[in-house]
Amino acid sequence: MLLSPLDWSIVVVYLVGCIAAGIWMKRYVRGVEDFAVAGREMDLNLGVASLAATEVGIVTVMYTAQNGFQSGFVGAMPGVLTAIAMFFVGLTGFVIEPLRKTGVITIPELFEKRFGTRVRWLAGVVVVLGGLLNMGVFLRIGGEFLICVMGFNPNELRQFDLWFFQVDALEITMLALLGIVLLYTVLGGMVSVLVTDYLQFLVMGAGIVVTSVLVVWDIGWQNLLDSLWTGFQRTQETGEAGKNLTMVDPFNPFAIGGGIGIGWIIWQAIHGLSTVTTWQTTVARVLAARDAKTAKKIYRRTAFYWVGRFGLPGLWGAAAFVFFMGQGGLPEGMSGIQAMPTYLGHLLPAGIIGILVAAMLAAEMSTDSGYMLTWATVIYNDILMPMIGRDFSNRTKLFIVRTIVILIGIFLVFWGLLYNLEGISVWEYLSLTGNIYLASMLALLVCGLYWKTANSWGAYAAIIMGAVGPIAFLVLNHYRPGEIPAWVAGLGSFVLAFGGMIVGTLLGHVSGMAFKGEIAKRIDG
């Protein structure tokens, strides 16, 4: 069904409110620290809302629903594992407590203090590379959600020429949304993001909960459980549960021959720990907290949201599987990623679908603004400034960071229009692009904070080796999709990063001892 006037009114009123709130907060931005970390005055409640809102966007709903569509309840395993990791970190202060006490704005800034300027610069490059490639598909996935949930057929939308691209009407709508995000992010920075995150947290929570209740009411809980199991058995017997429908064991990830596998689970467990300790958009909330104690409380209270983040949209995806299995399979031309929003478009009545679209737009605005601000801060703080080697006035600094945010927005437009996923799920793509820097940053942070012997040789080796596996996989998978399991490259990146740190550090010490011995010989001679 198409949006009714009531639905459009809900969406428009919400968007106008967000823009007004973001622009109004511009008055409180006086320098880069206000812009990047909100003057380090974020309290507990605002921190919980901001962290939960930033880490749930349209792309989040889409990839978690795709997990549920393909794997049933097992698809929520990454959320459960990350929730456990976040609670553990919030309870013990592992990594985040000493990191917050250093007073840095970004993670690579810490590496300069520990390993030198060149390591900070290289870390910044890898962080931005992984982060921008990761974020690059957000616009496309968000567009697919809005196309399907509003009842449009993606293959029948009118095409428009944009330079040498052809874009449809909904992609133009997404460009307009990105323009709105750029407006209030560029003007207000982290202050605007935190305030609008709070509004978006409320709208998003209401939309997701109401939609989940309606989904269960429509499908029926027992019918959902029985149908998922039936779909799995059909897949085992015939290879398909319906046209273009397959299902792994929806309840047991370790099932021999039918589960997602122990290797994948181990990768996701380590990936979850690395996400909550090194993912810059998450750690930005730690660095913006009033103190380390507040940061730990934010983590403990936010941990369970990871379960809901994967579980509820995953439920929508599982329900979409049951819905289309009852119809014999997916319609011609529809992919698994499009199944959930298409199902919701059939299910939700007027008014409710407006709340959902407003909630998803809220989530997209929150995620995009938080991510753009984070990567712009890293580019400015850890790549440009070490190269320039001089200080600027606050006004010039703000101009530079705001210009970077705009350039990132332009990149997102072009990458989103050009790049198409092949051979892997959206979640696996995001995990692997994240691993380009998550693996090495985890190695550098853990060893830099807790291993006094670690040196720059190990840091260089960890950064390079940690990025090799994911980048090689993404290139190979583009030409030969599906031949190598994603978990092999993902888990391998952590092994290579920590191996590089240990071996590089030892080689550095051996080289240093040899150098000192040579100097001693020359002095004696």
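The values are calculated or read from the model by the stated rules, or taken from the named source; none is laboratory data. Everything numeric in this text was worked out from a predicted model, so none of it was measured. Neighbour counts are summed over all protein chains in view; Cβ atoms, including those assigned to glycine, are modelled from backbone coordinates with ideal geometry. For the accessible areas, the whole protein counts, side chains as well, though only heavy atoms, and no ligand, DNA or RNA atoms are used. Shrake-Rupley method; radii C 1.70, N 1.55, O 1.52, S 1.80 Å.
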Is the shape of segment 357-475 rounded, prolate or oblate, going by the alpha carbon gyration tensor and its root eigenvalues a ≥ b ≥ c, with a/c under 1.5 for rounded and a/b larger than b/c for prolate?
-> oblate
How big is the charge dipole of segment 198-318 about its Cα centre, in debye rounded to the nearest 20, if each Lys and Arg gets +1 on its Cβ and each Asp and Glu gets -1 on its Cβ?
-> 880 debye
Using 0.36 nm per residue, how much length does the chain from R300 to V210 gain when fully extended, once their Cα-Cα distance is taken away?
-> 29.9 nm
Using the Cα centre as the reference, give the magnitude of the dipole from point charges on the C-beta atoms of segment 324-412 (Lys, Arg: +1; Asp, Glu: -1; all else neutral), rounded to the nearest 20 debye.
-> 400 debye
Take F88, project a point 7 Å from its Cα along the Cβ direction, then tell me which residues of segment 431-448 have their backbone nitrogen under 17 Å from it.
-> 439, 442-447
At a 1.4 Å probe radius, carbon and sulfur cover how many percent of the accessible area of segment 328-435?
-> 63 percent
Give the whole-number value, in cubic angstrom per residue, of the convex hull volume spanned by the C-alpha atoms of segment 59-124.
-> 124 Å³
For R140, R480, the accessible-area ranking with a 1.4 Å probe, largest leading, is R480, R140
Once both labels are modelled 7 Å past Cα along the beta-carbon direction, what's the R118-V488 spacing in nm?
-> 3.4 nm
Would you please classify the overall shape of segment 203-293 from the alpha carbon gyration tensor, given that a ≥ b ≥ c denote the square roots of the eigenvalues, rounded means a/c under 1.5, and beyond that prolate means a/b larger than b/c while oblate covers the rest?
-> oblate
Rounded to the nearest whole Å², what accessible area per residue is found for segment 257-393 with the 1.4 Å probe?
-> 29 Å²
Leaving ligands, DNA and RNA out of it, rank M360, M387, M77 by accessible area with a 1.4 Å probe, largest first.
-> M387, M77, M360
